[in-house]
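Pasting a structure here, questions to come.
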2 protein chains.
Amino acid sequence: MSGSSDPTPERHRVVVVGGGFGGLYAVRKLRHAPVDITLVDRRNFHLFQPLVYQVATGALSPGEVAAPLRGIFKRNENVSVVLGEVTGFDLARRRVIVDRSVTESGLGELPYDSLIVAGGSRYSYFGRDEWKPFAPDIKSVESALEVRRRVLIAFEAAENERSPERRDAWLTFLVVGAGPTGVELAGQIAEIARDTLRRDFRTIDPRGARILLVEMDDRMLPQFPPRLSARAANALEQLGVMPMPGHKVVDIEDDFVTLADPSGREERVPAHTVVWAAGVVASELAGRLASEADVGVDRTGRVPVGPDLTLAGHPEVFAIGDMAQVHDSEGEPVPLPGVAPVAIQEGRYAAHVIRERLRGKESRPFHYRDKGNLATIGRSKAVADIKGLQLSGFLAWVIWLTVHLFYLVGFQNRLLVVLRWGFSFATRGRGARLITTGTGGTVGTTPDEPDHPRGPPRERLGSGRN
Amino acid sequence: MSGSSDPTPERHRVVVVGGGFGGLYAVRKLRHAPVDITLVDRRNFHLFQPLVYQVATGALSPGEVAAPLRGIFKRNENVSVVLGEVTGFDLARRRVIVDRSVTESGLGELPYDSLIVAGGSRYSYFGRDEWKPFAPDIKSVESALEVRRRVLIAFEAAENERSPERRDAWLTFLVVGAGPTGVELAGQIAEIARDTLRRDFRTIDPRGARILLVEMDDRMLPQFPPRLSARAANALEQLGVMPMPGHKVVDIEDDFVTLADPSGREERVPAHTVVWAAGVVASELAGRLASEADVGVDRTGRVPVGPDLTLAGHPEVFAIGDMAQVHDSEGEPVPLPGVAPVAIQEGRYAAHVIRERLRGKESRPFHYRDKGNLATIGRSKAVADIKGLQLSGFLAWVIWLTVHLFYLVGFQNRLLVVLRWGFSFATRGRGARLITTGTGGTVGTTPDEPDHPRGPPRERLGSGRN
């Protein structure tokens with residue numbers, strides 16, 4: 001039926017699970033090799049995770065941080081893309097089980113000769129999944145749009161609210177977790193309040209918004225050297241963010257967050273808008289792979305792999321990226337951060353091993369080349385830790401910008417993002433600050449579902465007129 | 001609390017309901033007048049309706065066809081924006097009732113001295129609302145994204161499907177209504193199949209997709225002169241769309257559409273993806289306004305207004321745009337098309353009348369200046385009917401392009417759209433073809449809700465390998 005050439009049945013079959021950084025770069029490195037590749041993902045696009053928080057703040061549109069997987073590999077006829085959710089592995093029969101109910105096609109099996117699993121990570125709620133509805137994360141496009149909706153609705157609600165206490169709760173934004181994502185998000189919410197929305201309202205002053213950045217560790221950006229953490233905290237304060245190191249989240253309710261300060265004293269903070277960016281754990285695929293291979297997972301759910309990134313007893317199965325814990329030849333765990341460069345290098349390495357094996361060659365163990373650590377704080381500041389060189393301020397921001405644009409997939413996306421950022425930089429505006437709601441099934445004429453109606457009925461509107 | 005100057009209580013208060021073309025241009029024309037303006041909309045953005053169909057086809061992102069209302073009027077301190085749904089009018093007490101449950105603020109009232117109601121229109125399903133879930137429209141951002149999801153999923157499902165009949169049903173797209181929106185949408189779906197996705201799949205050839213454009217009238221674009229209708233039908237066929245004039249929709253089910261041909265013979269067409277673009281009726285606000293003023297609505301639910309666009313007995317209440325039926329000084333209805341230029345001119349006119357009245361002057365009756373009618377068909381073709389001059393082909397398309405860019409609100413949007421279109425034109429690609437689902441409440445790790453699982457379980461995947 002298709003015009004493409006029929007694949008030769010003798011070719012080595014590689015299945016890659018996950019179209020994130022690890023999977024994407026593995027396929028890229030494999031596509032010119034004499035193999036047939038099947039890339040499975042439950043989404044039809046690669047998501048540029050480091051910039052998803054900018055969707056949550058209306059700085060970028062979803063289409064600008066995502067690239068359709070089929071489009072990336074359209075010219076590589078040995079690459080097939082399957083839209084479906086991997087639900088299990090049959091390592092003995094060398095099969096991947098795929099649930100394709102999104103296309104109403106039921107379960108299917110993908111046979112492989114080599115398998116690369118790159119399922120990534122997700123946020124854990126420390127076992128408190130009941131917090132989720134009150135504190136969405138910004139891992140997926142959908143949850144980022146939900147955060148965007150909540151942030152924008154909060155200012156609208158504050159504008160309508162006449163009780164000072166309730167207005168303050170609407171104008172309090174609490175971000176949980178001060179890793180790069182939490183820091184970047186808190187900084188952008190502060191900029192929205194101070195710059196973007198500054199003149200948008202008539203009864204409130206958005207600059208009065210409080211942005212709290214809660215971190216369990218005793219400093220912001222605990223992954224960075226202490227000197228850069230201090231710089232980051234300083235830059236955040238200048239933007240109007242209140243860093244709260246050493247604070248633990250004890251409970252999250254609809255309108256309140258209960259925090260424990262470093263001394264253990266609890267405080268109930270009225271805050272309507274809470275965003276979760278803490279507690280990264282491995283994808284559930286790590287656990288499924290581990291139990292199938294009869295090995296245990298580590299504290300954050302990662303599956304152990306050897307120096308060549310393969311599973312014990314299964315040299316044909318690679319696990320890479322956030323869901324894998326690499327061990328050296330002595331069996332000691334190698335500490336690697338959960339960042340895109342690790343996943344990219346591991347993806348390329350796994351592809352390299354497969355190619356070398358096909359030529360009958362062996363490969364050296366995986367070695368991570370640490371190119372440094374970056375986090376941006378607001379419009380023109382960042383911190384960079386590059387091989388011991390610690391930078392902060394504008395120069396670090398230029399590095400951040402360059403690196404992110406370089407890795408952003410797709411020429412069109414890159415140009416659109418540059419353009420958007422150029423506009424935002426010049427005008428302090430944000431083009432994509434739309435309040436939209438779910439599309440799932442509801443296509444009626446009243447898309448705004450009422451939340452919990454509150455406040456006195458028939459209250460008078462208008463600018464203080466009676 | 002706000003830094004803005006307190007409005008003088010004696011100023012004339014204008015409430016504008018609806019931030020579409022009519023309301024937007026009314027506020028624009030009023031903002032420098034000595035009045036206080038309150039603009040109410042249930043969405044926080046102006047939607048550039050003529051291009052929403054491009055969101056449905058992944059050519060543009062929602063942020064590119066929408067502009068935040070507060071942003072548009074941020075520098076006009078006499079303009080307040082209220083986010084809420086107007087649920088009623090109290091014409092005697094001169095109050096608009098607003099449901100603000102989206103911001104949890106309950107009901108409120110907006111007092112006015114002059115009122116402009118511009119509620120627009122919506123698609124009717126000819127009283128068959130049960131068809132809605134099977135045939136979303138493309139009126140809102142949400143429903144356009146739902147259409148985008150369905151169109152993209154259809155190709156994915158066809159790729160997974162092994163039964164030829166079911167595959168054909170997935171590759172059949174049926175658009176109901178051949179007005180400009182239906183024609184433009186059908187043309188773009190054909191381009192997606194023929195160009196954008198051409199090399200994306202391995203087991204299907206997207207060029208085999210059938211796109212049916214069903215129209216009750218005996219020709220495509222019945223609003224245009226017959227010669228242009230013929231040209232449009234010709235251009236559609238060249239793109240791979242099958243025009244079906246004189247066909248009525250009898251029933252829509254999950255996987256089938258029943259059509260009656262011009263002779264009345266019924267046929268059940270297997271089609272998974274159906275888009276609705278027919279049967280425009282006035283916003284429900286027209287009915288509420290009419291019953292409050294004790295007048296009747298017309299066949300499509302529009303409220304009657306006089307030559308000055310005001311309601312009988314209420315010279316302070318204007319109704320404009322798609323929801324109003326203008327009558328001349330003899331009481332005869334004036335036939336005006338339901339297009340943006342009518343709404344824009346009516347909005348400006350209503351603002352003009354209010355300004356003149358404040359100076360003690362009377363205004364001449366509203367007169368619509370017809371600048372012509374445009375519709376585009378695919379990448380570089382259009383039809384234009386400009387004051388009797390009938391154009392088609394590339395020149396008409398350049399006119400279409402220029403006019404749409406000129407009216408697109410916001411400099412940033414305009415540039416982004418030009419850039420997107422430039423890319424699409426050069427590469428035949430579409431950047432925003434993401435399959436995303438609703439955000440409403442669900443922020444879990446498995447955002448793709450399973451539809452109706454179907455097909456044999458554990459079916460083998462892969463390119464025909466066994």
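For a bin width of 20 Å, list the pair-distance distribution of chain B built from all Cα-Cα distances, rounded to whole %.
Percent of pairs per bin, in order: 23, 53, 22, 2, 0.
Once you average over the residues of B:32-44, how many Cβ atoms of partner chains fall within 10 Å of each Cβ?
2
Hey, could you get me the Stokes-Einstein D for region A:129-277, Kirkwood radius over alpha-carbon pairs, 10 °C and 1.306 mPa s, rounded to whole µm² s⁻¹?
103
Taking neighbour counts of Cβ atoms within 10 Å as a proxy for exposure, in what order, fewest first, do A:Trp131, A:Trp276 appear?
A:Trp131, A:Trp276
Report, in debye and to the nearest 20, how large the dipole of chain B comes out about its Cα centre when Lys and Arg carry +1 and Asp and Glu carry -1 on their Cβ.
It comes to approximately 1720 debye.
Label position 7 Å from Cα toward Cβ: report the copy-to-copy distances for A:Gly88 in nm, one decimal, ordered from shortest.
So the distances to the same position in the other copies read 5.8 nm.
To continue, here is another question. Which distance in nm do the two modelled labels at B:Arg11 and B:Gln238 give, with both placed 7 Å along the Cα-to-Cβ direction?
About 5.4 nm separates the two model spin labels.
Might you report the magnitude of the Cβ-based charge dipole of the protein assembly as shown about its Cα centre, with Lys and Arg at +1 and Asp and Glu at -1, to the nearest 20 debye?
3100
Now for a separate question. Enter the Cα centre distance for the pair region B:315-364 and region B:67-100, rounded to the nearest angstrom.
20
How high is the FRET efficiency between B:Ser163 and B:Phe394 when r is their beta carbon distance and R₀ equals 51 Å, given to the nearest 0.05? It would help to have the intermediate numbers written out before the result.
Values: r = 42 Å, r/R0 = 0.82.
So, using R0 = 51 Å, E works out to roughly 0.75.
Hey, another quick one. Would you work out the relative contact order for chain B, in percent, from Cα pairs under 8 angstrom that are 6 or more residues apart?
Reported as a whole number, the value is 18 percent.
Please give, to one decimal in nm, the separation of the simple spin-label points placed at A:Asn76 and B:Asp218, each 7 Å out from Cα toward the Cβ.
5.6
Can you find, among A:Gly287, A:Ala230, A:Leu259, the residue farthest towards the positive end of the dipole of region A:222-289? Put +1 on the C-beta of Lys and Arg, -1 on that of Asp and Glu.
A:Ala230
Sorting A:Leu416, A:Leu212 on the 10 Å Cβ count, fewest up front, what's the list?
A:Leu212, A:Leu416
Let me ask another. Pick out, from B:Thr196, A:Gly313, A:Ala277, the residue whose Cα sits farthest towards the positive end of the charge dipole of the protein assembly as shown, with +1 on the Cβ of Lys and Arg and -1 on the Cβ of Asp and Glu.
Projecting each Cα onto the dipole axis, the largest value belongs to B:Thr196.
³J(HN,Hα) across region A:326-334 via Karplus (A = 6.51, B = -1.76, C = 1.60, θ = phi - 60°), whole Hz, x for Gly/Pro?
Calculated HN-Hα couplings, in order: 6, 10, 7, 5, 8, x, 8, x, 9 Hz.
Rounded to the nearest angstrom and ordered from largest down, what semi-axes does the equivalent ellipsoid of region B:368-416 get from its C-alpha gyration tensor (root of 5λ)?
21, 15, 6
What gaps in nm, shortest first, separate B:Glu165 from its twins in the other copies when you place the label 7 Å past Cα toward the beta carbon?
Relative to the other copies, B:Glu165 has label-point distances of 6.6 nm.
What angle do you read, to the nearest 10 degrees and between 0 and 90, between the alpha-carbon axis of helix A:340-358 and the longest principal axis of chain A?
That helix lies at roughly 10 degrees to the long axis.
Based only on other Cβ atoms within 10 Å, what is the fewest-to-most ordering of B:Arg369, B:Arg420, A:Arg11, A:Arg167?
In order of increasing Cβ crowding within 10 Å: B:Arg369, A:Arg11, A:Arg167, B:Arg420.
For B:Gly88, what residues show an amide H to amide H distance below 5 Å, using hydrogens built from the backbone and excluding near sequence neighbours?
Result for B:Gly88 returns B:Ile97.
Quick one: if you stick a label point 7 Å off each Cα along the C-beta vector at A:Lys361 and B:Ser380, how many nm between them?
4.7
So who's got an amide H within less than 5 Å of the one on A:Phe173, skipping anything under 5 residues away but keeping other chains? H placed 1.01 Å off N, in plane.
Here the answer is A:Arg210, A:Ile211, A:Leu212, since their amide H atoms fall under 5 Å of that of A:Phe173.
Still on this structure, please answer the following. Which one of A:Val249, A:Val117, A:Trp421 has its Cα pushed farthest toward the positive end of the charge dipole of chain A, where Lys and Arg give +1 and Asp and Glu give -1 at the Cβ?
Checking the options against the dipole of chain A, the answer is A:Trp421.
As a test of understanding, state the convex hull volume per residue of the protein assembly as shown from its alpha carbons, in Å³.
Cα convex hull per residue, to the nearest whole number: 161 Å³.
Something else now. Okay, helix-only estimate at 222 nm for chain B: each DSSP H run of n ≥ 4 adds -39500 (n - 2.57), divide by all residues, round to 500 deg cm²/dmol; what do you get?
Value at 222 nm, helices only, nearest 500: -9000 deg cm²/dmol.
Two decimals is fine: what's Rg over Rh for region B:208-250, C-alpha atoms, Kirkwood radius as Rh?
0.98
Taking GluC sites (Glu not before Pro) as candidate sites, keep only those in a DSSP loop with at most 10 other Cβ atoms within 10 Å, then name the longest stretch of chain A containing none of them.
My reading of the result: A:11-329 is the longest stretch.
Given a Förster distance of 25 angstrom, what is the FRET efficiency for B:Arg414 paired with A:Arg207, based on the Cβ-Cβ distance and rounded to 0.05?
Calculated transfer efficiency: 0.25.
Going by alpha carbons, how many degrees (0 to 90, nearest 10) lie between the helix axis of A:394-407 and the longest principal axis of chain A?
50
If you don't mind, another one. Roughly what angle does helix B:21-30 make with the longest principal axis of chain B, taking Cα atoms, 0 to 90 degrees, to the nearest 10?
The helix B:21-30 is inclined about 30 degrees to chain B.
At 25 °C and a viscosity of 0.890 mPa s, what translational diffusion coefficient does Stokes-Einstein give for region B:128-210, taking Rh as the Kirkwood radius over Cα pairs? Give it in µm²/s as a whole number.
Details: Rh = 13.5 Å.
For these conditions, the coefficient is 182 µm²/s.
Given Cβ point charges of +1 (Lys, Arg) and -1 (Asp, Glu) and nothing else, what value in debye, to the nearest 20, does the dipole of region B:129-277 about its Cα centre take?
Details: 20 positive and 26 negative charges, 115 e Å.
Roughly 560 debye, rounded to the nearest 20.
No value in this document is a laboratory result; all are computed from the given coordinates. Because the structure is predicted, anything quoted here is derived from the model rather than measured. All Cβ positions, glycine included, derive from the backbone under ideal geometry; neighbour counts span all protein chains shown.
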